[in-house]
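Visitor: I'd like to ask some things about the structure below.
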Amino acid sequence: DIRACLRECGGEHIRIISKIENREGVDNLEEILQVPGIDLVMVGPNDLSASIGRLGDLRHSQVMALCDRIADTCKAMGKPFGASLGPGDEATIRDWIERGVNMLGCGDDISYISMGCRRTFQLIQSLG
């Protein structure tokens, strides 16, 4: 049992997160949520969109329907869920908040560095 192992090693504060990033994960979500020890389901909407041939089209109706299905299933089964999103995508962040998300990951080091570079470059262009 993973929880017993974590307790023995002083890791009772560690949480186990299951990532759902493709249609197969959505189709098997109820079974995944029944695995003992999973604390949270984290959705990767960009990877999920790619798995149905809609890479990056997070607002596409098929992608939205899969995301709604994940949220509804997690809520029905009493499991917290989160989403790993890009930074600054206000519409997608708002969608997940409206779904009742328990955790949001909004960006990573590369995307934040890239955003900062773009802003600095735009500033230099506007001044020059």
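Visitor: I'd like the residue in region 87-100 that is of a type outside the set (A, V, I, L, M) and surrounded by 14 or more Cβ atoms within 10 Å (Cβ to Cβ) and, out of all such residues, is farthest from SER18 (Cα to Cα).
Guide: Here the answer is ASP89.
Visitor: Okay, moving on. Taking the conditions exactly as written (on the phi < 0 side of the Ramachandran plot and touching a Gly at 6+ places or on another chain (Cβ under 7 Å)), does SER84 satisfy them or not?
Guide: yes
Visitor: Let me ask something additional. Looking at SER49, SER18, SER61, SER111, which one is hydroxyl-bearing (Ser, Thr, Tyr) and touching a Pro at 6+ places or on another chain (Cβ under 9 Å)?
Guide: SER111
Visitor: For residues that are under 17 Å from VAL41 (Cβ atoms) and either of a type in the set (D, E, K, R) or open to solvent by 60 Å² or more (accessible area, probe 1.4 Å) (or both), tally how many sit in region 58-86.
Guide: Residues meeting the conditions: 8.
Visitor: While we're here: If I go through region 101-128 residue by residue, how many of them are open to solvent by less than 90 Å² (accessible area, probe 1.4 Å), under 29 Å from LEU33 (Cβ atoms) and not small (Gly, Ala, Ser)?
Guide: Of the residues in region 101-128, 5 are open to solvent by less than 90 Å² (accessible area, probe 1.4 Å), under 29 Å from LEU33 (Cβ atoms) and not small (Gly, Ala, Ser).
Visitor: Check whether at least one residue in region 25-33 is at pLDDT 95 or above and more than 30 Å from ASP1 (Cβ to Cβ), and report yes or no.
Guide: No - not one qualifying residue is present in region 25-33.
Visitor: Is there a residue in region 48-55 that is closer than 15 Å to THR73 by Cβ and in contact (Cβ under 8 Å) with a residue 12 or more places away in the chain?
Guide: yes
Visitor: Another one. Which residue pairs have Cβ atoms under 9 Å apart, sit 6 or more places apart or on different chains, and have a first residue in region 85-113 that is closer than 15 Å to LEU48 by Cβ and a second that is open to solvent by 100 Å² or more (accessible area, probe 1.4 Å)?
Guide: THR92/ARG59; ASP95/ARG59; ARG99/LYS75
Visitor: Among the candidates LEU33, LEU55, single out the residue that is of a type in the set (A, V, I, L, M) and either surrounded by fewer than 16 Cβ atoms within 10 Å (Cβ to Cβ) or under 15 Å from THR92 (Cβ atoms) (or both).
Guide: Numbers: LEU33 fails: either surrounded by fewer than 16 Cβ atoms within 10 Å (Cβ to Cβ) or under 15 Å from THR92 (Cβ atoms) (or both).
After ruling out the rest, the residue left standing is LEU55.
Visitor: Of everything in region 33-86 that's among the polar types (S, T, N, Q) and out of contact with any Lys or Arg (no Cβ under 6 Å at 6 or more places or on another chain), which residue is farthest from ARG23 (Cα to Cα)?
Guide: Of everything passing the filter in region 33-86, GLN34 is farthest from ARG23 (Cα to Cα).
Visitor: Looking at region 1-25 only, could you name the residues that are in contact with a Gly (Cβ under 9 Å, 6 or more places away or on another chain), assigned to a helix (DSSP H, G or I) and exposed (fewer than 12 other Cβ atoms within 10 Å of the Cβ)?
Guide: Listed by number, the list holds a single entry, CYS5.
Visitor: Against the definition (of a type in the set (Val, Ile, Thr), at pLDDT below 95 and either open to solvent by 40 Å² or more (accessible area, probe 1.4 Å) or closer than 28 Å to SER111 by Cα (or both)), how does ILE38 come out, yes or no? Give the derivation first.
Guide: Values: of a type in the set (Val, Ile, Thr): yes; at pLDDT below 95: yes; either open to solvent by 40 Å² or more (accessible area, probe 1.4 Å) or closer than 28 Å to SER111 by Cα (or both): no.
Taking the combined requirement at face value, the residue does not satisfy it.
The values are calculated or read from the model by the stated rules, or taken from the named source; none is laboratory data. Just so you know, these numbers come straight off a predicted model, no measurement behind them. In this analysis, Cβ positions are derived from the backbone assuming ideal geometry, glycine residues included, and neighbour counts consider all displayed protein chains. We work out accessible area using only protein heavy atoms, side chains counted, and drop any ligands, DNA or RNA first. Shrake-Rupley method; radii C 1.70, N 1.55, O 1.52, S 1.80 Å.
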